[in-house]
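Visitor: Take this structure first; my questions come after.
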Amino acid sequence: MDEVNGYIPGYQPYLYELPVDIGNYKKGTLLMAACSRNAAENERTHIILQASTDLGESWTGVCNIAIGGSFSDGIWEPVLQYDEHTKKLYCFYSDQSDENYSQKLVFKSTTDLKNWSDIKNMVALSDSTLAPGMVALTKMGNGKWALAYEIGSSSGPLIHIKFADFIDDWDPSDKGMPVADKNTGGMCRSGPAIAWTPAGGDCGTLIVTSHDDQNNAGTETKCGLFLSFDYGKNFVVIENPIPNMSNEFCSSGYSPGFYVDKEGTVYYVNNPECYRNSFNEKLMFARIRVY
């Protein structure tokens, strides 16, 4: 339950474990950022923050991170990330509430979880037909931050990637480049996930995936895993270890996610089956070792 607004947090939850103490919240506290609104009353959209100190057994409302418009001009898809350099926790999200853009990517920061900074733009493109969305963020071994996100347009979404030296210093007008296989030109689109592992060579391995391929990336598993061994300059695609299917009855592969442990092993999760109008859904995970 959304204890701050009295609504049900029904959209796009994001779980995060605090790596350090922040304000009155100790290291190891579980956080959940989620979208919340009262659909019956078409209320404004909220991104709320809840906290758990008992490994998810119970939750307490912390605050509204941000408040947007209604469903047609709301705020969506929160992502939490702590940065050791600035000693701040950040919330990145998609914002449709600015009338100057069809949608943009923005962020806020906090040092106590209660009080959040003003909005700063991460991706805000002058072409009003483009709609950047769905932040996927990771820090690489060279110290740079890598952002994967989709750009929606009339021809369909494509996953782009861009880089920044600091987590809070992005060029909003730079849309980066499409994530594409250097051999086939095939690209990924819609619903990105990203991770970096130190395994795989001097530059480690940057991994990007999404819901599906475009322009035949050469895989038979809806969307392959796009790997870069040079900090995102070039990508090659391999088969996805969790094949997913889509047809008139099933829409799947929209929930990819990565976790990298201290040894550099990558844990990957996705939903290979998700049948419309039913509860017949599956989640599967794979352990990926990069050599």
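The values are calculated or read from the model by the stated rules, or taken from the named source; none is laboratory data. This one's a predicted model, so the numbers in the text were calculated from it and none came from an experiment. Ideal geometry is used to build each Cβ from the backbone, glycine not excepted, and the neighbour counts take in all protein chains shown.
Visitor: Out of the residues in segment 97-128 meeting the condition of being closer than 18 Å to ILE75 by Cα and among the hydroxyl-bearing types (Ser, Thr, Tyr), tell me which one is surrounded by the most Cβ atoms within 10 Å (Cβ to Cβ).
Guide: TYR101
Visitor: Mind checking which residues of segment 176-199 are within 16 Å of LYS139 (Cα to Cα) and either touching a strand residue (DSSP E or B) at 6+ places or on another chain (Cβ under 7 Å) or at pLDDT below 95 (or both)? Give the steps one after another, and end with the answer.
Guide: Of all residues in segment 176-199, those within 16 Å of LYS139 (Cα to Cα) come to 192-199.
Selection gives PRO192, ALA193, ILE194, ALA195, TRP196, THR197, ALA199.
Visitor: How many of the residues making up segment 6-22 are modelled with pLDDT of 85 or more, out of contact with any Ser or Thr (no Cβ under 7 Å at 6 or more places or on another chain) and assigned to a loop (DSSP other than H, G, I, E, B)?
Guide: Of the residues in segment 6-22, 3 are modelled with pLDDT of 85 or more, out of contact with any Ser or Thr (no Cβ under 7 Å at 6 or more places or on another chain) and assigned to a loop (DSSP other than H, G, I, E, B).
Visitor: Residues of segment 173-182 being assigned to a loop (DSSP other than H, G, I, E, B) and acidic (Asp, Glu), which ones?
Guide: Taking segment 173-182 and keeping what is assigned to a loop (DSSP other than H, G, I, E, B), we get 173-176, 179, 182.
Residue satisfying the conditions is ASP174 alone.
Here's the yes/no breakdown for (1) free of Cβ contacts under 8 Å to residues at least 24 places away in the same chain; (2) small (Gly, Ala, Ser); (3) in contact with a Leu (Cβ under 6 Å, 6 or more places away or on another chain); (4) under 19 Å from LEU89 (Cβ atoms):
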| residue | (1), (2), (3), (4) |
| --- | --- |
| LEU105 | no, no, no, yes |
| ALA124 | no, yes, no, no |
| LEU130 | no, no, no, no |
| ILE151 | no, no, yes, no |
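Visitor: Here are THR86, THR129: which of them is within 16 Å of TRP145 (Cβ to Cβ) and in a loop (DSSP other than H, G, I, E, B)? Full working, then the answer.
Guide: Values: THR129 fails: within 16 Å of TRP145 (Cβ to Cβ).
From the options THR86, THR129, the qualifying one is THR86.
A quick yes/no check of all residues on (1) of a type in the set (A, V, I, L, M, F, W, C); (2) closer than 25 Å to PRO13 by Cα; (3) in the same structural domain as GLY257 (by TED's automatic domain parsing); (4) assigned to a strand (DSSP E or B):
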{"residue": "VAL135", "(1), (2), (3), (4)": "yes, yes, yes, yes"}
{"residue": "HIS160", "(1), (2), (3), (4)": "no, yes, yes, yes"}
{"residue": "ILE167", "(1), (2), (3), (4)": "yes, yes, yes, no"}
{"residue": "ASP171", "(1), (2), (3), (4)": "no, no, yes, no"}
{"residue": "GLY191", "(1), (2), (3), (4)": "no, yes, yes, no"}
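Visitor: Just wondering, is there one or more residues in segment 201-209 that are crowded, with 16+ Cβ neighbours inside 10 Å and out of contact with any strand residue (DSSP E or B) (no Cβ under 7 Å at 6 or more places or on another chain)?
Guide: Going through segment 201-209, the residues crowded, with 16+ Cβ neighbours inside 10 Å turn out to be 203-209.
The next check asks that each one be out of contact with any strand residue (DSSP E or B) (no Cβ under 7 Å at 6 or more places or on another chain); those that pass are 203.
Yes, segment 201-209 has at least one match.
Visitor: Something else now. So which residues in segment 61-95 are surrounded by fewer than 18 Cβ atoms within 10 Å (Cβ to Cβ), among the polar types (S, T, N, Q) and touching a residue at least 40 places away in the same chain (Cβ under 8 Å), if there are any at all?
Guide: Matches in segment 61-95: ASN64, THR86.
Visitor: On to the next question. Can you pull out every residue in segment 137-158 that is at pLDDT below 95, under 25 Å from PRO13 (Cβ atoms) and part of a strand (DSSP E or B)?
Guide: Taking segment 137-158 and keeping what is at pLDDT below 95, we get 150-158.
Still in the running and under 25 Å from PRO13 (Cβ atoms): 150-152, 157.
Hits for segment 137-158 are GLU150, ILE151, GLY152.
Visitor: Out of the residues in segment 214-241 meeting the condition of being within 19 Å of the chain's Cα centre (by Cα) and aliphatic (A, V, I, L, M), tell me which one is modelled with the highest pLDDT.
Guide: LEU227
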